[in-house]
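Undergrad: Got a structure for you, questions after.
The values are calculated or read from the model by the stated rules, or taken from the named source; none is laboratory data. This structure is a prediction, so every number in the text was calculated from the model and none was measured. Every residue, glycine among them, receives a Cβ derived from its backbone with ideal geometry; neighbour counts consider all protein chains shown. Quick note on the areas: whole protein, heavy atoms, side chains included, nothing else; ligands and nucleic acids left out. Shrake-Rupley method; radii C 1.70, N 1.55, O 1.52, S 1.80 Å.
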Amino acid sequence: MTVPAKVGVLGGGRMGGGIAHAFLLAGSDVVVVDQPDALETAEAGIRRAIATSVERGTALRSRSDLDAGLRVTADRTALGDRDLVVEAIPEIPELKAATLPAVEELLGPDAVLASNTSSLSIDDLATRLTRPARFLGLHFFNPVPVSTLVEVVAGAATDPALVATAGEWVRALGKTPVTVRDAPGFASSRLGVALALEAIRMLEDGVASAEDIDAAMVLGYKHATGPLRTTDVVGLDVRLGIAEYLHEKLGERFAPPALLREMVAAGKLGRKTGEGFFVWDRPDQP
Ligand code: NAI
């Protein structure tokens with residue numbers, strides 16, 4: 001199995017740019033659609049990523065082939081001939097609910113529409129679509145080039161054959177698919193946020209320092225990064241948003257701790273603001 005020949009990505013930001021780059025490397029012709037004021041940044045970012053892959057020898061296609069395989073445009077109708085379109089616009093429910101049917105209308109009857117949503121229900125997003133059997137979640141992780149996990153999220157109406165095919169596409173990208181039924185937080189956010197919230201409560205209760213809580217997971221459970229450092233990298237505001245959503249959907253065990261709310265209110269959002277549970281010298285340090 002290979003990746004689809006013609007791929008579209010709606011929203012060429014942090015995730016969409018990475019997704020476009022991944023499909024390009026795997027052999028797809030890729031069209032990225034973004035808003036006029038975002039085109040230049042989106043295109044520059046993806047072309048930089050292409051250059052880096054070529055320099056590092058991780059690209060099997062030539063630089064010119066990769067560059068020719070990418071088109072970045074504000075014209076949404078350019079998605080009309082795509083085999084697969086991955087939506088990666090901001091996590092605003094109304095925006096996605098309005099945009100997905102408009103994109104579906106442009107596509108051929110066999111085309112697949114996927115959302116990279118990190119938390120919204122695939123079934124909810126599917127309610128306004130006319131072909132929900134051809135719709136599913138493809139949840140990539142950040143940063144896309146180094147993250148090897150993709151959650152393949154099956155809605156109640158998603159064709160099971162499509163779920164299997166999407167898993168093969170993920171493997172063709174050199175990543176590993178995890179198949180999950182549509183459920184709040186899928187597999188990764190639900191478990192990741194549960195661990196992070198407990199770590200924050202432990203910090204709040206003075207059980208141990210942030211360093212020691214993280215070290216317990218890194219050294220004791222072989223996690224690559226501790227839950228507090230991970231929260232810093234993801235962004236405390238992002239984590240709070242997901243916790244609030246899971247609290248509403250799954251109950252008290254996801255109630256956001258007061259400390260998390262206080263830190264977000266104080267603008268301590270983690271790596272991107274220079275301070276969260278840890279102090280970060282440079283916003284981009286690993
Ligand atoms: P971002 O803000 O970096 O990128 C969003 C892009 O969509 C921007 O380039 C923006 O100009 C564009 N856009 C906005 N409205 C549009 C429209 N109507 N048509 C076309 N383009 C439009 O956001 P990011 O972080 O890439 O997130 C995108 C999606 O991926 C969200 O659903 C998010 O939940 C999900 N996600 C984010 C992760 C992360 O760590 N940032 C991880 C996994 C999923």
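Undergrad: So, with +1 on the Cβ of K and R and -1 on the Cβ of D and E, and no other charges, what is the size of the charge dipole of the chain about its Cα centre, to the nearest 20 debye?
TA: 540
Undergrad: Report residue 271's accessible area, 1.4 Å probe, all protein chains in place, as a number in Å² to the nearest 10.
TA: Surface open to solvent at residue 271 totals about 50 Å².
Undergrad: With unit charges on the beta carbons (Lys and Arg positive, Asp and Glu negative) and the dipole taken about the Cα centre of the chain, which residue among 185, 263, 143 sits farthest to the positive side?
TA: The one lying farthest along the dipole's positive direction is 143.
Undergrad: Nearest 5 percent is fine: what portion of the DSSP beta bridges confined to the chain is antiparallel?
TA: Antiparallel bridges make up about 20 percent of those DSSP assigns within the chain.
Undergrad: Read phi for every residue in the stretch 108-116 and hand back ³J(HN,Hα) as whole Hz from Karplus 6.51 cos²θ - 1.76 cosθ + 1.60, θ = phi - 60°, with x for Gly and Pro.
TA: In residue order, the calculated couplings are x, x, 9, 5, 10, 10, 10, 10, 8 Hz.
Undergrad: Return the subset of 6/175; 6/272; 96/268; 96/249 for which the Cα-Cα distance in this structure is over 31 Å, preserving the input order.
TA: On the way: 6/175 19 Å; 6/272 34 Å; 96/268 28 Å; 96/249 19 Å.
Flagged as over cut-off: 6/272.
Undergrad: Here is a follow-up. Pick from 182, 123, 237: which is most flexible by mean-square fluctuation in a GNM of the chain where alpha carbon atoms under 10 Å apart are linked?
TA: Highest fluctuation of the listed residues: 237.
Undergrad: How large is ³J(HN,Hα), in whole Hz, for each residue of the stretch 242-250 in order, when computed from phi with the Karplus curve 6.51 cos²θ - 1.76 cosθ + 1.60 and θ = phi - 60°, using x for Gly and Pro?
TA: 5, 4, 5, 5, 5, 4, 5, 8, 10
Undergrad: Under unit Cβ charges (Lys, Arg +1; Asp, Glu -1), what dipole magnitude, rounded to 20 debye, does the stretch 164-243 have relative to its Cα centre?
TA: Charge dipole of the stretch 164-243: 440 debye, to the nearest 20.
Undergrad: On to the next question. Assigning unit charges at the beta carbon (Lys, Arg +1; Asp, Glu -1) and nothing else, what dipole magnitude in debye, to the nearest 20, does the stretch 69-137 show about its Cα centre?
TA: So the dipole magnitude of the stretch 69-137 works out to roughly 80 debye.
Undergrad: Quick check: net charge around residue 59, other residues with Cβ under 14 Å of its Cβ, Lys/Arg +1 and Asp/Glu -1? Don't jump to the answer; show the numbers that get you there.
TA: Working: positive: 47, 48, 56, 61, 63; negative: 55, 65, 67.
My count for the surroundings of residue 59 gives +2.
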